[in-house]
Amino acid sequence: MPRLIRDGSIIDDRWTLVREAACVEDVPRAASIVPLALWLAARDALIARADIGVWLKPDDDPQALAADCPALPLIAVDFPQFTDGRGYSIARLLRERYGFTGELRAIGDVLRDQLYYLAQCGFNAFAVRADRDLEDALKGLADFSDSYQATWARSVPLFRRRTMAPPMRERRAEGAP
Amino acid sequence: MYRYDSYDHRILAERVAQFRDQTERFLTGDLTADEFRPLRLQNGLYIQKYAPMLRISIPYGVLSSLQLRKLAHIGRKYDRGYGHFTTRQNIQFNWPRLEDVPDILAELATVEMHAIQTSGNCVRNITTDHFAGIAGDELVDPRPYAELVRQWAAFHPEFAYLPRKFKIALSGSPIDRAATLVHDIGLHAVKRDHGEVGFRVLVGGGLGRTPMIGHVIREYLPRAEILNYLDAILRVYNRFGRRDNKFKARIKILVKDMTPEIFARHVEAEWEPIRGGPASVPDEEIARLARAFTPPSYERLAGDDAGFRAAIADNRVFGNWVKRNVFPHKVPGYAAVALSLKKTGVPPGDATADQMDAVADLADAYSFGELRVSHEQNLIFADVKQSALLSLWSELKGLGFATPNIGLLTNIVCCPGGDFCSLANAKSIPIAEAIQRRFDDLDYVHDLGDIDLNISGCMNACGHHHVGNIGVLGVDKNGEEWYQVSIGGSQGESASLGKVIGPSFAANDMPDVVARLIDVYVENRHEDERFLDTVRRLGLEPFKERVYAAAH
């Protein structure tokens, strides 16, 4: 069984990613992640199953899932290349605007050096590219211990935490800038 | 200036460690060149023609003497003893070894400096007015806001892989000294009747291949909403900006394709749900940042210094320098001084490590240990007592930084060009030098008055040629270097883009071409009319005629 990172651990992946499916009959009986287009076309048939997730392309509109966010167990966002940053905004919209609380999974060209930012934006699962070592990729989640911005992972930006509890100013050598 | 607290130090240390690890993984082959590229670019590292180039961030151009000494040390230890100040108020080193870059970044972190996002498709260094805090025409000191935006931009997780690079500039004054109209986002401070501070928001300006002037999308944004609104703009751009063609990927193309009105509507819709949310900025935070920019301990002086006035009258050469390189200060008895990095024979913006050390000493002695970098690639001492100007001038002369040419034809803005940059189509530094040599009569250059001459070695327009009164663009024709000339560009609050006068020229012809443009101006100018105004009044024709008549 393929493995992936979820909630900071490496686990077995019970979901099948259905990259292409023209109709409901193309969807396996096992837990499946289907393209948005199929979900929208066959929503009535698929919604009865509790083991259906949906994946989005970078140019898909996450608003299309706004009504389904409370019910869907899993949404995946595809990164055709890791340099395509649209999925980061999609993740924040799903989490922060449409209130999605299920598994949010990054799929495609998913690599260690992007994991921290992906997690900040709301992803909690990472289907790291198959040719890469998961143990190694896991380290990417710990690249930083803090962020300046308000994000999904840290909803209170650093400046608000600073003004609530100002840290001790660093005592530095004289002549520091 | 802004000082790091324990949070800033920790985040920066983690960044240095992250990049050290990434560099090691690249060198051992665990990361491919394609995977490493965006990572190194976001740490300022280009692989250039002859060696890597490291671009170090100087946030909004503010530098302490201690930081400048560190840059001098880096120039000496890791480079060939010099650095190049850029049009984005940054500094570049052209000869570091890739293996050394993590160590350089670690050294920079000890003086609260970094190379974060100085390159790559992300939010770049925030720039502002080099007279921030001292200009008499200022409504609001832009530096606390620039620092606020710097922290927002640093490691922003959502916007690290944008369609293309993204540049933000702020101005606290109605007189725009930060070229905000040619930035992806320009923010102009606005003060309302009750003293409330907000910003006018412009988007979609830019130079490069398709130069455009920014559009106002919101006349007044309350200051508390600045980060939410930036998030909204960037999110619209991140989702909808073109990624299929890198020449059409800047936000200006999206704004143009959508129209500014529709773009603004998208932004407003994106902003509405996050408005007033956690990223709205409390007054306490703005006050905290403002405390980092309180004025230095100025002496209480009655007004203009009498000795200084007398020296101007007595010494014409000093007077010329004061006229061009000394600027008014809102505090009586003080002045701002521009150190010209545009001496003929030296690549514009270059300074040696020894010069940097000497400038650091002078900053300590004359300007409270601080200096700024201007987007015209000069250095600024912002807080000099008028009574000390004569002695500062003689020290600067010894360093070669007293060329009295700020705003003049020989104060050429120039990118590194084909001598260093692998993107360039043509060399730019030798062109600048040939023009400077042609105009070596300082009295004549002073008589010509304000003329901006900007040179870029390619379409990427790092030399801001579109907004030069005279703009020169290096182009490649069948493997040869040619130069296209435009006139009538300008920066500032009435920014305009230059128009190309016709077919391009060979390098050797460039001093003559500029000389002929200048001749037309001298023959036609009204009293006290600037070159730019003569061009605006006469149009291109008489200039074209002269230049091309002579060429045939």
Please work out the FRET efficiency for the pair B:Val500 and B:Glu219, using the Cβ-Cβ distance as r and a Förster radius of 25 Å; give the result to the nearest 0.05. 0.15
Relative contact order (percent, whole number), segment B:353-401, Cα cutoff 8 Å, 6+ residue spacing: 29
With the cut-off at 1.5 for a/c, could you classify segment B:288-408 from its C-alpha gyration tensor as rounded, prolate or oblate? oblate
With r defined as the distance between the Cβ atoms of B:Met258 and B:Leu399 and R0 fixed at 56 Å, what FRET efficiency is calculated, to the nearest 0.05? 0.65
Rounded to one decimal in Å, the inverse mean reciprocal Cα-Cα distance for segment B:6-109, i.e. its Kirkwood radius, is 14.2
In nm, the gap between the two label points placed 7 Å beyond Cα toward Cβ at B:Thr32 and A:Met1 is 3.1
Separation between the B:His73 and B:Ala302 pseudo-spin-labels, each 7 Å from Cα along Cα→Cβ, expressed in nm? 4.5
The summed charge of the B:Gln436 Cβ neighbourhood (under 11 Å; Lys/Arg +1, Asp/Glu -1) stands at +2
Taking 25 °C and 0.890 mPa s as the conditions, I'd like the Stokes-Einstein D for segment B:1-51 in µm²/s, using the Kirkwood hydrodynamic radius from alpha carbon pairs. 197
State, to one decimal in nm, how far the label point of B:Asp447 lies from the label point of B:Leu423, with both points 7 Å from Cα in the Cβ direction. 4.0
Averaging sequence separations of C-alpha pairs under 8 Å and six or more residues apart, then dividing by the length of chain B, give the relative contact order as a whole percent. 12
Relative contact order (percent) for segment A:1-127, with alpha-carbon contacts under 8 angstrom and 6 or more residues of separation? 21
Given R₀ = 22 Å, what would the calculated FRET efficiency be for A:Ile47 paired with A:Arg14, taking r from the Cβ atoms and rounding to 0.05? 0.65
Of the GluC sites (Glu not before Pro) in segment A:1-109, those whose Cβ has at most 14 other Cβ within 10 Å and which sit in DSSP loop: A:Glu20
For each pair in B:Lys343/B:Lys544; B:Lys165/B:Lys248; B:Lys77/B:Lys343; B:Lys427/B:Lys544; B:Lys70/B:Lys342; B:Lys252/B:Lys477, compute the distance between the two Cα atoms and list the pairs where it is over 18 Å. B:Lys343/B:Lys544; B:Lys77/B:Lys343; B:Lys427/B:Lys544; B:Lys70/B:Lys342; B:Lys252/B:Lys477
Gyration tensor (alpha-carbon) shape descriptor, the protein assembly as shown, a/c threshold 1.5: prolate
Determine the equivalent ellipsoid of chain B by diagonalising the alpha-carbon gyration tensor, then write out the semi-axes as square roots of 5 times the eigenvalues, largest first, rounded to whole Å. 33, 29, 26
Distance from a point 7 Å along Cα→Cβ of B:Glu99 to each backbone N in segment B:1-37: keep the residues under 15 Å and list them by number. B:23-29
Rotationally averaged projected area of segment B:198-265 (alpha carbon convex hull; nm²): 4.4
Largest to smallest principal axis extent of the C-alpha atoms in segment B:448-501, angstrom: 38, 23, 15
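We did not get these values from a lab; they are worked out from the coordinates using the rules stated. Not measured: the values here are computed from a predicted model. With ideal geometry, Cβ positions are generated from the backbone for all residues, glycine too; neighbour counts draw on all protein chains shown.
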